[in-house]
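What follows is one structure encoded as structure tokens, with my remarks underneath.
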Amino acid sequence: MVFSRLATFLSHVQRLLHLPEISNQSDYLLAKANSETSWSWLTGCGVYAFMRLWTLHPHYLDAHGLVALWREALLAQKVLQGMTRGYTRHPQLIRFREQDDPVGAVAAYLWEVHREAQRRNYRFDATRIVAASWNGSIRETTGQLLYEWKHFLGKVTSRNPHHHAQLDQIAMPTPHPIFILVEGDVRAWERIAQNRDG
């Protein structure tokens with residue numbers, strides 16, 4: 001009974017926030033896990049910790065991680081379009097701003113996230129991705145990828161031990177397809193983000 005009422009309420013929230021449709025308890029838990037990120041997106045201002053545009057390929061992410069990435073990349077797209085007051089100097093946006101078409105670059109990023117969602121039968125609204133024809137690539141360092149991998153494994157250890165066990169033996173993960181790997185250390189903007197997060 002309680003779940004039924006919560007699911008009804010969250011189905012209305014889903015339509016407003018464009019989350020995957022809530023049709024069963026696992027969908028409810030998925031939406032609940034991402035509610036804090038969703039409200040941060042609605043306010044359009046505030047906390048640096050709520051945006052992470054993974055260099056990792058989306059297929060590594062658990063359900064929580066993939067939905068959060070979708071929402072945060074949509075937020076990044078709005079920021080780069082000049083449609084928000086907050087997040088405009090977020091370190092996660094630096095490598096996209098460096099491209100000749102920042103909005104097109106993040107749209108290309110979003111399409112790969114959407115493809116992974118389709119593979120899992122999640123209902124992500126593709127109409128929210130702006131029309132763009134950016135066909136470039138972004139150079140990213142092996143050090144940045146490995147830093148994020150360690151960071152992600154740390155996050156998923158407690159929230160999804162089974163998923164962690166499936167990934168724990170991977171030494172070098174695959175990057176998101178828009179990134180081309182080059183040798184190098186963790187990026188300077190990552191250290192900026194760490195400092196701002198305290």
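In table form, for the structure just shown:
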item	result
Complete set of residues in segment 155-192 that are modelled with pLDDT of 95 or more, outside any loop (DSSP other than H, G, I, E, B) and within 19 Å of the chain's Cα centre (by Cα)	175, 179, 180
Close pairs from segment 132-151: first of a type in the set (Gly, Ala, Ser), partner open to solvent by less than 20 Å² (accessible area, probe 1.4 Å), Cβ under 6 Å, at least 6 apart	132/104; 132/107; 137/178
Any hit, segment 35-43, residues being part of a helix (DSSP H, G or I), within 22 Å of residue 126 (Cα to Cα) and at pLDDT 50 or above	no
Filtered residue count, segment 71-94, keeping only those that are more than 15 Å from the chain's Cα centre (by Cα) and more than 15 Å from residue 132 (Cα to Cα)	8
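The values are calculated or read from the model by the stated rules, or taken from the named source; none is laboratory data. In this text the structure is predicted, and so the values were computed from the model without any measurement. With ideal geometry, Cβ positions are generated from the backbone for all residues, glycine too; neighbour counts draw on all protein chains shown. Just the protein is used for accessible areas: all its heavy atoms, side chains included, with ligands, DNA and RNA removed. Shrake-Rupley method; radii C 1.70, N 1.55, O 1.52, S 1.80 Å.
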